[in-house]
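The values are calculated or read from the model by the stated rules, or taken from the named source; none is laboratory data. Small disclaimer: the values here were computed from a predicted structure and weren't measured. In this analysis, Cβ positions are derived from the backbone assuming ideal geometry, glycine residues included, and neighbour counts consider all displayed protein chains.
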Amino acid sequence: MDIFRFLIFPGFLFAALVGLIFTWVDRKVTARLQWRVGPPFLQPFYDFGKLLVKEITLPEKGERFSFLSAPFFGLLATVLVAFILGLTITVPTRGFVGDLIVILYLLVIPALAVIVGGFASANPLASVGASREMKLIMGYELPFILAILVPVIKSDFSIQLNQILFFQQQHGANIWSLSGFIAFLVCLLVVQAKLSFPPFDIAEAETELMAGPYIEYSGALLALYRLTRAMLLFLLPLFLTILFFGGVSLSGCLLLPSILKILLVLVLIILIKNTNPRLRIDQGLRFFWVNCTLLSVLAILLAYLGL
């Protein structure tokens, strides 16, 4: 049964399917904002399938094992996140103490996989992009963790997701408190960086670095990176919905509101992506270390005061 949950629902296949659908939503909303029609519904699936059958080329001077294995490590960590979040929703009693901390660790691995793959390709542009990605991680992880402490504090210092959900069922969603709202804004901005969306698409910087760490990747390896990002496009909004919007429910009358909550977070991410220019790496670090960190500390103080 656990194998089924890990591979099918709510694990790998389900998260991959919904992630690709969310990729279509992203492209469709972006197109509408730019007065375009946008792609057909199945376009992300066509793009993924096309990459799978293309030739894989390896950089001549690259470190082959790291280059080949990096996309798999990023995807595996993402699947584990899908499995844990899925169990929290479908079987709340299966949660374990510290699952929140485990998810925070796992969410760093896809970015680390991008860094390892970029450096392993031995391409100067990829190395610059990987270096920027490394700096971004050091910039946004601190305010992200501090902001997530707010729902932890509100739920009597519980680091278990089902306990955070239970607290919100009893006292209302965290987003409706001042501290919860501020913490959600910080997390929303960090999610932009975790997805490499503008204004924090600094590592890829297509007009400067072409594709940054991905420049040497092709075929199925590039497809794995694309699939990982598509899954994160679903899992990160789901994670924020659990922490700040009271989670989701699979029961009939509550299923539609649950879907709408996740889509609301997704649309906010897309709007930020399409209304902000890319920052320089120093501007991005300063934004996270100063603005977001101070906001996170303020949210923690407000949470201690019960606000």
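Quick notes on this one:
- Residue match in the range 43-61 (condition: exposed (fewer than 14 other Cβ atoms within 10 Å of the Cβ) and hydroxyl-bearing (Ser, Thr, Tyr)): yes
Rundown of residues vs (1) at pLDDT below 95; (2) buried (at least 18 other Cβ atoms within 10 Å of the Cβ), yes/no style:
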| position | (1), (2) |
| --- | --- |
| Pro124 | yes, no |
| Phe157 | yes, no |
| Leu165 | yes, yes |
| Val191 | no, yes |
| Pro199 | yes, yes |
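- When the residues of the range 246-303 are filtered to those that are more than 30 Å from Trp24 (Cβ to Cβ) and touching a Ser or Thr at 6+ places or on another chain (Cβ under 7 Å), the one that is surrounded by the fewest Cβ atoms within 10 Å (Cβ to Cβ) is Leu302.
- When Ile269, Ile300, Ile259 are checked against the criterion of being within 20 Å of Arg229 (Cβ to Cβ) and either touching a residue at least 60 places away in the same chain (Cβ under 8 Å) or under 18 Å from the mean Cα position of the chain (by Cα) (or both), a single residue qualifies: Ile269.
- Test result for Leu227, in contact with a Pro (Cβ under 8 Å, 6 or more places away or on another chain) and under 23 Å from Val18 (Cα atoms): no
For (1) part of a helix (DSSP H, G or I); (2) of a type in the set (Ser, Thr, Tyr); (3) farther than 18 Å from Ser196 by Cβ, each residue gets a yes or a no:
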site	(1), (2), (3)
Arg27	yes, no, no
Arg32	yes, no, yes
Phe48	yes, no, no
Lys54	no, no, yes
Ala70	yes, no, no
Thr78	yes, yes, no
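- Of the criteria (1) free of Cβ contacts under 8 Å to residues at least 60 places away in the same chain; (2) crowded, with 24+ Cβ neighbours inside 10 Å; (3) in contact with a Leu (Cβ under 8 Å, 6 or more places away or on another chain), which one Pro151 fails: (1)
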